[in-house]
Structure formats: C-alpha cells, structure tokens
1. For residues that are in a loop (DSSP other than H, G, I, E, B) and either within 16 Å of ligand 4 (Cβ to nearest atom) or touching a Leu at 6+ places or on another chain (Cβ under 9 Å) (or both), tally how many sit in segment 172-205.
2. With respect to Ile340, is the statement that it is at pLDDT 95 or above, assigned to a helix (DSSP H, G or I) and away from ligand 4 (no atom under 16 Å from the Cβ) true?
3. Here are Asp223, Asp213: which of them is more than 25 Å from Gly38 (Cβ to Cβ) and surrounded by fewer than 23 Cβ atoms within 10 Å (Cβ to Cβ)?
4. Hey, which of the strands (runs of 3 or more DSSP E) in segment 612-684, taking only ones fully inside, have at least 1 residues that are surrounded by fewer than 19 Cβ atoms within 10 Å (Cβ to Cβ)?
5. Does any residue in segment 111-132 that is under 23 Å from Thr96 (Cα atoms) come within less than 6 Å, Cβ to Cβ, of a residue that is among the β-branched types (Val, Ile, Thr) and in a loop (DSSP other than H, G, I, E, B) six or more places away or on a different chain, and which pairs are these?
6. Give me the pairs: first residue in segment 590-618 and in contact (Cβ under 8 Å) with a residue 12 or more places away in the chain and in the same structural domain as Cys686 (by TED's automatic domain parsing), second residue of a type in the set (Gly, Ala, Ser) and assigned to a helix (DSSP H, G or I), beta-carbon distance under 8 Å, and six or more apart or on different chains, which are they?
7. Find the residue count for segment 446-505, including only residues that are farther than 30 Å from Leu163 by Cα, among the small types (Gly, Ala, Ser) and assigned to a helix (DSSP H, G or I).
8. Looking at segment 504-546, which of its residues are without any contact (Cβ under 8 Å) to a residue 12 or more places away in the chain and within 26 Å of Asn232 (Cα to Cα)?
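The values are calculated or read from the model by the stated rules, or taken from the named source; none is laboratory data. Quick caveat: nothing in here was measured; it's all calculated off a predicted structure. Positions of Cβ are backbone-derived with ideal geometry, glycine not excepted, and every protein chain shown enters the neighbour counts.
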Amino acid sequence: MAETLSGTKVVPSACQLCIACCGINLHVQEGRVVKVEGMKEHPMNRGRLCPKGNAIPDLVNHPDRLQYPMKRQGSSWQRITWDEAMDTIVAKLQETKRDYGAKSVAVCLGMVFLTQARANIELIRRFTDVYGTPNVFSVDSMCFRLRLLSYILTLGRWAVSDLPNSRCIIAWGHNPDASSPPRAWWMIPEAVKNGAKVIVIDPRRIPLARKADIHARPRPGSDTALALGMMNVIIAEGLHDKDFVDRWTVGFDKLAEMVKEYPPSAVEKITWVPAQTIVDMARLFATTKPACIIQGWDTLDQKNSGVNNARAIAILLAITGNFDVAGGLTTPPPFHLRPIRLLDKTDGMPLGIDRFPLHYSVLGRLFGEGQGMVLPEVMLKSEPYPVKAMIVAGSNLLMSWPNSRKMEAALKKLDFLVVMDQFMGETAKLADIVLPAATFAERTEPNDIYVSMGIPWVQMRQKAVQVGECWPDIKFWLELANRMGYQEFFPWKNEIDAYDDLMQSTGISVKNLRDNPAGMYYGSVGYRNYEAHGVRTPSGKVEIYSETLAKMGQDPLPVHREPAESPVSSPELAARYPLVLTTGARVIEYVHSQLRQVERLRRLRPDPEAEMHPETAARYGIRDKDRIKVESQRGSIQLLARVTEDIIPGVVSVAHGWHEANVNILTDETPADPVGGNPALKALLCRVEKA
Ligand SMILES: Nc1nc2c(c(=O)[nH]1)N[C@H]1C(S)=C(S)[C@@H](COP(=O)(O)OP(=O)(O)OC[C@H]3O[C@@H](n4cnc5c(=O)[nH]c(N)nc54)[C@H](O)[C@@H]3O)O[C@H]1N2
Ligand SMILES: Nc1nc2c(c(=O)[nH]1)N[C@H]1C(S)=C(S)[C@@H](COP(=O)(O)OP(=O)(O)OC[C@H]3O[C@@H](n4cnc5c(=O)[nH]c(N)nc54)[C@H](O)[C@@H]3O)O[C@H]1N2
Ligand code: SF4
Ligand SMILES: [Mo]
C-alpha cells in the first residue's frame, strides 16, 4: 500500500465484476475510493479495464448501497444492529431445525462466490454441513458445473484453451468482447498477429466475427449436430490424428460409425448452416495446428444437449490431436485447497441429486451441491419435504434464475428469508432480514480464479475502504458459526487465519500474497500430462464413448438432441410461438442484474433490447426502436426492438438482468439436460408483436 504526497493511498487489488478478475489499483482519499487504474504488471489485463472496471468507484460509493442490516416491519423496513440481525437468524435457524429438520433450510449462492476467494464457498458449505442441511445451491446449477463434469467424464479433468499460442481459434457460442475481455484485448490478437485463423460459430455477428475467416450462424440449440457434421467430414477425409486416437482414446470406431448419420447435407437441415461451410470449417480446423475451441462459459450448456455439446467439442479437439498441447486445450494445475467438508454431518443428499447425481460428484471429484433448478417445484409442492427457510447471498433469484414468476411464488411460501446483498434488489425486497454486503473493495481475500482463463495465478484482494456497516460475506458466515456454537468446527481466529490454513497444501501463505501485491504464479502449464499417469478417466484414455454415461442410461456418445421447444420437436407450440428465443448474451456494461443503477454505465446502454433480423421484424410490422412485446408460454415482457442484420432470421436474442424487462419471466426452470440438469435458457420459442 503506497501513500502519495497528496495523501492518496494506492491499494492493489482485483476486480470482481467478471471472471477475468483484472488486477487493479484503487486510489483512496479520506476513506473513499476516488479512482481506479488497471494494474500494468498483471498477467490477465496488462493494465486495461473495461467500462465496468472503470465504474468501480461509482459502484463502491453508490448512494443506494445497503449500509446496515434491516428487518421487515409489515410493508416497511426498520434499521437494526448486526447483533439483533444475528440473534434473529440464529433463533430462527434453531427453531426451524427443531420443528422441520435441518434440511428444511436451504442456502442459495450467486456467481460472486465463484469469483470471491474459493475458500469462502468451502467455508459456507462447511457451515451448512455442521448445521446438518445438505441443501446448498449455487448458480452453477445453470452455469459452468455442467462443462466441468463433461470435461472430467471425457478428458479426466478441466482443460482450457491456450489462445495466444494457437493457430486456429474457434469461438463457439462465446463473445469474448462482452464476457471475457482479456481474450479480446490480447489473447486472441496475439494469436492472430502470428497468423492464426479464426472461426466464429454464433447466430449473431459478434465483433470477432467481423475479423473471422469463417462465420457459421447456427440455429440455437443445434450445436451438437454441427460438431458431429464436422467430425463426419474430418473422419471421412482421414484428417484426424490417427496416432493419438489409437493410443489415447476409447470408442473412436463407434463414433466413426455414428457420425455417418451426420453428413453435411443432413446437418445443414438441422442447423441452418450451409453444408459447404461445415466442410470448410472442418477442414480448416483439422488441418491448422495447434487449434483450440473457446466454448461459451454457459451458452452451449443451457440446453437439453449441454453435456453432449461439451463432450462433442472436447472430442473434436482430442481426435485432431489438440488435447494437452501448447496452443490447444491445456490443463493448468488447479490451486488445491485443503478439503474441509463434513458430509457425514448432513441429513442425506441435497435436492435434485437423485435425478442428477453427476451434478454432485463425478469420477470421485466432489462438487457437493444440489441441483437448484428443482427448488421452485419442491418449494411449491413441499415434496419430498418442505423448504421453510432460506439464506440467499450474492444472488438475485428473481432476476437471474429462470421462470421468475414461479420463483417468486416459491419464495413467498417461505417462513423466513435472509438476503445478503449490496443493494435492495428484487429478491432482497422479499426478505425478512436484509444484510449489507461489502464490495470487493472492502474485502481482503486470496483470488485464484485466473486458472479458469488458463493462467495459474493467485492474488490477494485488499480491503481499501469501509462502507457503512457492510460486512464481507465470509465474516457473516464465520460469525454465524460462532453464534451457533460451532467453534469446534470453526477454530480459526478470523477469515485470514482460515485462508492461511486452507492454503497450506499450496505452499503459499497470506504473507506471500501480501508481499506480492500483483499476485504470483503458483504453478506452470505443462503439456501431455497424461503421458505420465494416463488420462484420469476409468479407462485411462480420452473417453469418446463413456461407459459411465452408458451405465446411467445416458447417451454414451454425444448425439444431437432437439430442444424440447423447437420448430422440429414441438410444431404445435411453434405454430403459436414461431421464433427461436435465445437469452442472456452478455453485454460489456453490465453483469447479470447488476450495475443498472450506475449512471455512467447506464448512459452507455440505457435500455433493454430484443435483437431481430429485418426479415423477422418485417413479418410482424416491427421497425428498429419500436416498443414490442416478446412472449413465451410462461409470460411476456416489453422492450425495444433492435432490428439488425447481425442476427439470423427467425431468432430473437434478449439479454437478461433488466428489471423493467426481465427475460426470465419467459424462461423455464425445468432441468433440461438429462445429465447435468441445466435449464434451457438458450433455445426456447417465442412470438413478438408491437406493444
Ligand atoms: N460483461 C459481462 N461479462 C460476463 C458476465 C456478465 O453478466 N456480463 N457473466 C459471466 C458469466 S457468469 C458467464 S457464465 C459468462 C457467459 O459467457 P458466454 O457463455 O461465453 O456468453 P457470451 O460471451 O455472451 O456469448 C454467448 C454467445 O452465444 C451466442 N449464442 C446464443 N445461443 C447460441 C446457440 O445456441 N449456439 C451458438 N453457437 N451460439 C449461441 C450469442 O449470440 C452470444 O454471442 O460470462 C461471464 N462474463
Ligand atoms: N435468461 C438467462 N438467465 C441467466 C443467464 C442467461 O444466460 N440467461 N445466465 C445465468 C448464469 S450463467 C449465471 S452465473 C447467473 C448469475 O446469477 P446471479 O449470481 O444471481 O447474478 P445477479 O443477478 O447479478 O445477482 C447477484 C446479486 O449479488 C449482489 N452482489 C454483488 N456482489 C456481491 C457480494 O460480494 N456479496 C453479496 N452478498 N452480494 C453481492 C448483487 O447486488 C446482485 O443483487 O445468471 C443466470 N441467469
Ligand atoms: S474485464 Fe472489466 S469487469 Fe471484468 S474483471 Fe476486468 S475490469 Fe472487471
Ligand atoms: Mo455464469
């Protein structure tokens, strides 16, 4: 922490507004963050910041921040002390456990817990273990968990694209300019400067598509078929890596036989991508090495074909010899924390796991959470048992979880709801107790998420300021453990002490991190790691054919699965709702339902919009900027039309997170993927009309 002549303190830290977690320097004057700069020496952002990052002072200092705990008094709110809030919560947790059993209490965590210290989520899960409820959930029920389990099933572990060293990059349902800026800032440009080819597979013409060698524009929900069409060409033309396939894969023959059913001509009919484009993509990808595929973080997963999509893409990379090589799919070492779960203390398995066991653990790797998409149905029917109380932290269930109306009805049935948030959002408004959460500028914690973008780096976030009576999330959970009398299981003096203990296995301490404010590498990326001990699957090889899935009665090879709502599988529904709806394409200015109240961001993107092609718009007499109604089976919203040739005809794309046009009123929470249970947020049916 440096102090300048003007009395400004500069606090090195890390942004937390998206998964990049860019290195930042926070400038603090008189206890306020007055300025932010990108950290030049940080390996992720190399000094840059996106508009959200530049708005950090506006967020931290925002006048609408929750500053103290409150309790509901009829229809109004009353300020209370942390003491009173904690006493009320402890009494209610004890009473609910006594009357209904521990498992009638559920905890729901948001995406912020994937970008806070990973130790935090482990400590919270340890709390729920000791309390006795298995029912801890997170947004990973609709996000990245499904990919992780698909990769573990197929490749034995998580793997990530080595973009800068690649010669051929496919961005598949992924718009790095919006969702993963460092990839657009330098990782892809560095590869392109060295001559890399770029292929974009996206129904929208994203910024990267303008620079791409090939842009394929599939119908949302048809991606597995597209991957199988590419494999058809690659295998028929003998472009696969025969040596790697022979030595390191199982099930190639079965795959080769199966993909004969997916010639480019047939795949064109399913995907709307011209057969010649499929042939061109397959050849370019298979003959330009090393190659990698950056698959959207959640886009191809929010489907009934989520696992098949992820497995098809992993298999495409493996059979072309791009697994665990520089410039391909690499396997950087994870930052291993000491495991601290106490699962023998919980009352059974979490909800949803009877149907989606791999969401809980896969090949010995424990995730240890329930599949949250079953929650609204369970809560409304009280089956198999009632959910009586809930603690929600860092998640806006009414905006970001699917089928908002149903979620609202479910939350209203609760006896007791606690919401810990930074603002009085839609979900907080339903709570009995609201707790004020610190932003990342008010917390000290190690951040090791960089490996998700391929950089085995760990860095300390540093508390720069204190705002009101806001607490870091983990302070609340540790204090709750203390007041519940769980000292035996929570022996740490404070969170810093706990971090140090959990990080022991990494050889890195809090002191090391404080001594290296921009962070440090904790390991390095090696290649062909499987040569030493085999691939970490039951067969010791890349599992093109998955015996694990076969035994569960699931698709052992990835096959195309029509979305449940589609012109092909539900023509009667399509007669009433003729357009394909994809939701939640990211925009650079916002993260999920957050930041709409920050004026400098709102000026950049003031309104929610529905993107559609001029042909689609003309069919319904809609013009650019018209106010329109978008309607699905579940409800309707009103917003502005953005008429643009940047999207294919017949498809409507609506972003999520807008209070005034909440697209999750249109979506369905029903678990769609038969293995992972992710909902289908990206391939639904809708209709549009002028409002
Ligand atoms: N600015 C910002 N960044 C974020 C977030 C945020 O809210 N705001 N959220 C973060 C989180 S939690 C996540 S999970 C990630 C999400 O990150 P990604 O899943 O990578 O999402 P996007 O980058 O929006 O890219 C999705 C693209 O897929 C296209 N698409 C839609 N449906 C289909 C389809 O069926 N097939 C194909 N091939 N393409 C399709 C869309 O047009 C869009 O361009 O972003 C993270 N980063
Ligand atoms: N239709 C549709 N819906 C989607 C998606 C989609 O593509 N389409 N994407 C889904 C995906 S992938 C994800 S990950 C989810 C994300 O869903 P959520 O994680 O629920 O995201 P938000 O709606 O931003 O809610 C986060 C809340 O936490 C608060 N907050 C921010 N920082 C902190 C903090 O440090 N501590 C605490 N306690 N609170 C904090 C914010 O003010 C906000 O109210 O959305 C999902 N919803
Ligand atoms: S890209 Fe923007 S939002 Fe994401 S971590 Fe960097 S500055 Fe923050
Ligand atoms: Mo996500």
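1. To start, the set of residues in segment 172-205 that are in a loop (DSSP other than H, G, I, E, B) comprises 173-175, 180, 194-196, 202-203, 205.
In the following step, the residues that additionally are either within 16 Å of ligand 4 (Cβ to nearest atom) or touching a Leu at 6+ places or on another chain (Cβ under 9 Å) (or both) were identified as 173-175, 180, 196, 202.
Summing the residues that are in a loop (DSSP other than H, G, I, E, B) and either within 16 Å of ligand 4 (Cβ to nearest atom) or touching a Leu at 6+ places or on another chain (Cβ under 9 Å) (or both) in segment 172-205 gives 6.
2. Working: at pLDDT 95 or above: yes; assigned to a helix (DSSP H, G or I): no; away from ligand 4 (no atom under 16 Å from the Cβ): yes.
When the stated conditions are applied, Ile340 does not pass them.
3. Working: Asp223 fails: surrounded by fewer than 23 Cβ atoms within 10 Å (Cβ to Cβ).
The unique qualifying residue is Asp213.
4. On the way: elements: 627-632, 635-643, 651-654.
Filter on segment 612-684 gives 627-632, 635-643.
5. These pairs meet every condition: Arg126/Ile340; Asp129/Thr346; Gly132/Thr346.
6. Listed pairs, sorted by first residue: His592/Ser400; Ser593/Ser400; Pro608/Ala661.
7. Number satisfying all stated conditions: 2.
8. Once the filter is applied, which keeps residues that are without any contact (Cβ under 8 Å) to a residue 12 or more places away in the chain and within 26 Å of Asn232 (Cα to Cα), segment 504-546 yields only Gly540.
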